[in-house]
Amino acid sequence: MRKTLRWLLSLVVLIGTFSVGSATAGAATAAGTAADTDIKDRILAVPGMSLIEEKPVDGYRFFLLNYEQPVDHRRPGKGTFKQRISILHKDTNRPTVFFTSGYDLNTKPSRSEPTQLTDGNQVSMEYRFFTPSRPQPADWSKLTIWQAASDQHRIHKALKQIYNKNWIATGGSKGGMTATYYRRFYPNDMDGTVPYVAPNDARNDEDSAYYKFFKNVGSKECRDLLNGAQHEIFERRGEMVSRIKAWAKENDYTFELAGSADKAFELVGQDLVWGFWQYHLESECDKVPATDASTDALYKWANEIGGWEAGTDQGMLPYTPYYYQAGTQMGSPDYEEPLLDDVRKYPGLNVPRTYVPRNIPMEFNKHDKAMRDIDRWVRNSSSQMLYVYGENDPWGAEPFRPGKHTKDTAVYTAPGQHHGAKIATLKEDDRAAATRMVMKFAGLKVDPDKKPKRLTAYDKQLDKPQKNALQLRP
């Protein structure tokens, strides 16, 4: 790859020594050649790129691809792995949105909100170590935010030769964190960054913001209903665990990571209030079962909110890379609802180490200054950053906060919204301002006298809401 890039750079320098007339003619010829080449062929001409499949989608070309990446970007000669990406191709004359969930890759065509707004192309990346984008054998020490940002940098560098208009990085939740980290490490790659509902755990040992959040979120009536239902579920632990065991046996679920069905019950049960506010509106409080509800009703409600599968090995293992990063570098909320102190049996169980197989060594690196560095950079030196949060989202208790000395940055909060907050859910004036910022990032002209609107019509296939992950909370 390096030899190829050096060759291309040498070619560019050589062309630059020609006369203006020759250079113009050469550029016209190159442009004509590119225009005549099928976009799939242009993409597959990128060194290290290979096709998995092309899927049909109206108005676009959609490619699932593998891209060969170094396991260690600091030592690229020490092995590679194949990383899945997708490209939703609109037109090389349109802007491009670089989306990542921070988890695995959605193999179906879809459009993130910035893609919808700008009528752009979309490149999506599977985060390293999520299967199948996992080196073999897996050296987990190479799962860091810098290595992942370097994955994005190489993909952008390779595809910028084809998609040479403005680029915007985006993602929700861990994807929003990923977009932020990428911008910090490679600040000149993107023309704008739009992170959604991105947590900012700059100090892993300081989590008072979450305790304050749960004391004040929503109305007292709703908080009382939720706390009552959650506590009652713990009061009926015996009945609940018996049902979980029977359900697990019927469906071949296991509990090796949690340690037992009883511990799995506690992992899921103590996150029910968190889970409600993460993905439900206060208007849904009337569906919370009362403390005198049947065990059936309480069990089913808990399954709807938290999902009993989240406590099983089958529910945890796909998220091993996230929990590894939470437990080694990124940090995680150390929050245990005080109202459960009288019924909790395993204090301290809900930590990243619980969710990661014991044969993977992990220890939080207290000397790693990356999180605080990124926090300071966002506050003091960032530019072209647009953050969107939901007012009632627990993950927003510790947000990113661009400061007064940053350039072209903003933070908008969607009133009453949860972890699915987006620009479309902002107040009208905020929505217009945020949309205008996205258009500016994309290099598109916006009439200052008119409210900006998305440049695409709603498409039920491409614009189906995607849950921002982090649904499993350590």
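The values are calculated or read from the model by the stated rules, or taken from the named source; none is laboratory data. The model shown is predicted, which means the values in this text are computed figures rather than measured ones. FYI the Cβ positions are ideal-geometry reconstructions off the backbone, even for glycines, and counts take in every protein chain you see. Note: accessible area is taken over every heavy atom of the protein model, side chains too, but ligands, DNA and RNA are not part of it. Shrake-Rupley method; radii C 1.70, N 1.55, O 1.52, S 1.80 Å.
Among the listed residues Gln161, Gln136, Gln147, Gln122, identify the single one that is surrounded by fewer than 21 Cβ atoms within 10 Å (Cβ to Cβ) and touching a strand residue (DSSP E or B) at 6+ places or on another chain (Cβ under 8 Å). Please lay out each step first, then the result.
Values: Gln161 fails: touching a strand residue (DSSP E or B) at 6+ places or on another chain (Cβ under 8 Å); Gln147 fails: touching a strand residue (DSSP E or B) at 6+ places or on another chain (Cβ under 8 Å); Gln122 fails: surrounded by fewer than 21 Cβ atoms within 10 Å (Cβ to Cβ).
It is Gln136.
From the list Thr24, Thr17, which residue is modelled with pLDDT under 95, out of contact with any Gly (no Cβ under 8 Å at 6 or more places or on another chain) and either under 24 Å from Asn166 (Cα atoms) or surrounded by 12 or more Cβ atoms within 10 Å (Cβ to Cβ) (or both)? If you could, list the steps in order and put the result at the bottom.
Working: Thr17 fails: either under 24 Å from Asn166 (Cα atoms) or surrounded by 12 or more Cβ atoms within 10 Å (Cβ to Cβ) (or both).
Within the list Thr24, Thr17, the selection yields Thr24.
Cβ-Cβ under 6 Å, sequence separation 6+ or interchain: first residue in the stretch 147-167 and assigned to a loop (DSSP other than H, G, I, E, B), partner open to solvent by 10 Å² or more (accessible area, probe 1.4 Å) and at pLDDT 95 or above. Which pairs?
Going by the 6 Å Cβ cut-off, the qualifying pairs are Ile162/Arg42; Tyr163/Thr92; Asn166/Asp191; Asn166/Gly443.
List pairs: first residue in the stretch 49-64 and touching a residue at least 40 places away in the same chain (Cβ under 8 Å), second residue outside any strand (DSSP E or B) anywhere in the structure, Cβ distance under 7 angstrom, at least six positions apart or on different chains.
Met49/Ile43; Lys55/Pro109; Val57/Pro109; Tyr60/Lys90; Tyr60/Pro109; Phe62/Pro109; Leu64/Thr107
Out of (1) surrounded by fewer than 18 Cβ atoms within 10 Å (Cβ to Cβ); (2) of a type in the set (Lys, Arg); (3) over 17 Å from Gly48 (Cβ atoms), what's the single condition that is false for Lys142?
(1)
Answer yes if at least one residue in the stretch 179-193 is touching a residue at least 60 places away in the same chain (Cβ under 8 Å), in a helix (DSSP H, G or I), hydroxyl-bearing (Ser, Thr, Tyr) and open to solvent by 60 Å² or more (accessible area, probe 1.4 Å), and no otherwise.
no
Among what's in the stretch 387-405 and is part of a loop (DSSP other than H, G, I, E, B) and in contact with a helix residue (DSSP H, G or I) (Cβ under 7 Å, 6 or more places away or on another chain), pick the residue that is surrounded by the fewest Cβ atoms within 10 Å (Cβ to Cβ). Break it down into steps so the answer makes sense when it comes.
Filtering the stretch 387-405 for residues part of a loop (DSSP other than H, G, I, E, B) gives 391-393, 398-405.
Next, from what is left, pick out any that are in contact with a helix residue (DSSP H, G or I) (Cβ under 7 Å, 6 or more places away or on another chain): 392-393, 398, 400-403, 405.
Details: Asn392: 24, Asp393: 25, Glu398: 22, Phe400: 24, Arg401: 13, Pro402: 21, Gly403: 12, His405: 10.
Only one residue fits best here, namely His405.
So, in the stretch 343-361, how many residues would count as being open to solvent by less than 20 Å² (accessible area, probe 1.4 Å), in a loop (DSSP other than H, G, I, E, B) and of a type in the set (Val, Ile, Thr)? Break it down into steps so the answer makes sense when it comes.
Going through the stretch 343-361, the residues open to solvent by less than 20 Å² (accessible area, probe 1.4 Å) turn out to be 350, 352, 354-356, 360.
Pick out the ones that are also in a loop (DSSP other than H, G, I, E, B) and you get 350, 356, 360.
Checking which are of a type in the set (Val, Ile, Thr) leaves us with 356, 360.
Adding up the residues that qualify gives 2.
Any idea how many residues of the stretch 206-216 are in contact (Cβ under 8 Å) with a residue 40 or more places away in the chain and either open to solvent by 10 Å² or more (accessible area, probe 1.4 Å) or in contact with a His (Cβ under 8 Å, 6 or more places away or on another chain) (or both)? Walk me through it before giving the result.
Our first condition is that a residue be in contact (Cβ under 8 Å) with a residue 40 or more places away in the chain; within the stretch 206-216, this holds for 207, 209-214.
Within this subset, residues satisfying the condition of being either open to solvent by 10 Å² or more (accessible area, probe 1.4 Å) or in contact with a His (Cβ under 8 Å, 6 or more places away or on another chain) (or both) are 207, 209, 211-214.
Going through the stretch 206-216 one residue at a time, the tally reaches 6.
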